Amino acid sequence: MALVSIRNLTRIFDVSKPWLNRLIERKPKALLTAVSDVSFEIEERTVYALVGESGSGKSTIGKMLVGLLPPSEGHVEIRGIDLAQETDADKIESIRSDIQMIFQDPYASLNPRWRVRDIIAEPVAARGGKTEGLAERLLEQVGLSARDAGKFPHEFSGGQRQRICIARALASEPKLIVCDEPTSALDVSVQAQVLNLMSDLKDEFGLTYLFISHDLTVVQHMADRIGVLYLGRLVEEADPDTLFDHPAHPYTQMLLAAAPKLDGFGREVPPPQGEIPDPINPPPGCAFNPRCPLAAERCRTERPTLRDVRGARVACHFAG
């Protein structure tokens, strides 16, 4: 059963100069399309990973899912309820209590003036719940000591702070956690510890993750389904085995070729060609066509739709 259903999701930001500047310079409004017509589903108790280069719209989708940003078009349904259109306050409150988020920067996402005990208990205290002993219990579950509850965030390392963020996310007993690049600010050895912890907690508490990352290799062994984003568009979606063994979209192939490999010493790999197009003025047709080695005239005029190719969903005219 799908816990989350995202349909035709689009988010457009107005990045225009002030009205008077545009009038004097005779320039139109500048609209940036961060997310363009994205659709996918997240099954309950699974990990869905969104990957892509910086600026591909991953974090924007995560923020729309948790309600921090309203969509310009499309729908985000959680258990069949669209929070942007639902009017029943009790239903909205019930769904919101089931969603938490782990942010990218463990140094900026914790209040430096609060003790760890208050930080972890905040989601429960805000709803009037009982918080006695909650922080101590959760700290031990994420691999820290109960005595750490009386400390301040500056007394911890980056990896320990991210564990505190995970404990805070678990405090309200959520069903869905949006993880916005939770390990990108950490050392490689600490990344593995945090990922293993998140995997263990998923099994223990029956959690569902939306895992956002720019690194395909990070999500390879954790995700049940991977969606690849390019310039705000979902270009490929598949399970990890299919995606890594038989990548169908040229952009996915480029990402995998550029990823570091343990046995890749001395290998000659051509660097990725070209730059990401301007999202304010994206190219017509397929957004990847200026960088794609397979691009033809059809790619420059007609936007490809997602279609089934060998067990994957691929937005490419020539896939398969």
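Please list 212-218, 246-252 highest first by mean number of surrounding beta-carbon atoms within 10 Å per residue.
246-252, 212-218
Mind checking which lysines have their Cα closer than 23 Å to the Cα of LYS202? Skip sequence neighbours fewer than 8 apart in that chain.
LYS58, LYS63, LYS175
List the extent of the Cα atoms of the stretch 23-165 along each of their three principal axes, largest first, rounded to whole Å.
Computed over the Cα atoms, the extents are 60, 39, 32 Å.
Please check: in the Gaussian network model of the chain (C-alpha springs, under 10 Å), which one of VAL38, VAL190, VAL66 has the largest mean-square fluctuation.
VAL190
For the chain, what is the charge dipole size about the Cα centre, in debye to the nearest 20, if Lys and Arg each add +1 at the Cβ and Asp and Glu each add -1 at the Cβ?
Details: 37 positive and 44 negative charges, 188 e Å.
Roughly 900 debye for the chain.
With the Cα gyration tensor of the stretch 93-222 giving a ≥ b ≥ c as the square roots of its eigenvalues, does the rule (a/c under 1.5 for rounded; else a/b larger than b/c for prolate; else oblate) give rounded, prolate or oblate?
Working: a/c = 1.72, a/b = 1.23, b/c = 1.40.
Oblate.
Pairs of alpha-carbon atoms within less than 8 angstrom and 6+ residues apart define the contacts here; what relative contact order does the stretch 1-110 have, in percent?
32 percent
Taking the chain as a Gaussian network, where each spring joins two C-alpha atoms under 10 Å apart, which residue of GLU136, GLU297, GLU122 fluctuates the most?
Judging by the Gaussian network model, the answer is GLU297.
Set the Förster distance to 25 Å, then compute FRET efficiency between GLU41 and HIS246 from the Cβ-Cβ distance, nearest 0.05.
0.70
Need one word for the stretch 212-262: rounded, prolate or oblate. Basis is the Cα gyration tensor (sqrt eigenvalues a ≥ b ≥ c); a/c below 1.5 gives rounded, then a/b vs b/c decides. Each step should come with its number before you reach the end.
On the way: a/c = 1.30, a/b = 1.16, b/c = 1.13.
It comes out rounded by the Cα gyration axes.
When the helix-only estimate is applied to the chain (DSSP H runs of n ≥ 4, each -39,500 (n - 2.57), divided by the residue count), what is the mean residue ellipticity at 222 nm, nearest 500 deg cm²/dmol? If you can, show how the numbers build up before the last one.
On the way: 10 runs with 92 residues, N = 320.
It comes out at -8000 deg cm²/dmol, rounded to the nearest 500.
Tell me the angle of helix 158-170 to the major Cα principal axis of the chain, expressed in degrees between 0 and 90 and rounded to the nearest ten.
Orientation of helix 158-170: about 80 degrees from the principal axis.
How many angstrom lie between the C-alpha centres of the stretch 1-62 and the stretch 114-192?
Value for the Cα centre distance between the two parts: 29 Å.
Most fluctuating residue of ILE164, ILE92, ILE42 in a GNM of the chain with Cα springs under 10 Å: which is it?
ILE92
I'd like the orientation of helix 116-125 relative to the chain: the angle between its Cα long axis and the longest Cα principal axis, in ° from 0 to 90, rounded to 10.
Helix 116-125 sits at roughly 80 degrees to that axis.
Computed over the Cα atoms, what is the radius of gyration of the chain divided by 2.2 N^0.38 Å, N being its residue count? Present the calculation step by step, with values, prior to reporting the outcome.
Working: Rg = 21.1 Å, N = 320, 2.2 N^0.38 = 19.7 Å.
Computed over Cα atoms of the chain, the ratio equals 1.07.
If the cut-off is 17 Å between C-alpha atoms, which lysines fall inside it for LYS17, apart from same-chain ones fewer than 8 positions away?
Output for LYS17: LYS27, LYS29.
Please give the peptides 22-29, 3-10 ranked by average Cβ packing (other Cβ atoms within 10 Å per residue), highest first, as a rough proxy for protection.
Ranked from most to least packed, the peptides come out as 3-10, 22-29.
Rounded if a/c is under 1.5, else prolate if a/b beats b/c, else oblate: with a ≥ b ≥ c from the C-alpha gyration tensor eigenvalues square-rooted, which is the stretch 24-101?
oblate
To the nearest 10 degrees, how steep is helix 188-205 against the longest Cα principal axis of the chain, on a 0 to 90 scale?
Approximately 70 degrees, to the nearest 10.
Which is farthest toward the positive dipole end of the chain among GLY62, ILE164, SER72, measuring Cα position about the Cα centre, with Cβ charges +1 (Lys, Arg) and -1 (Asp, Glu)?
Selected residue: SER72.
Taken together, the values in this text are just the output of simple stated rules run on the coordinates, not laboratory data. Please read these numbers as outputs of a predicted model, since none were measured by experiment. For neighbour counting, all protein chains shown are included, and Cβ atoms are generated from backbone atoms with ideal geometry for every residue, glycine included.
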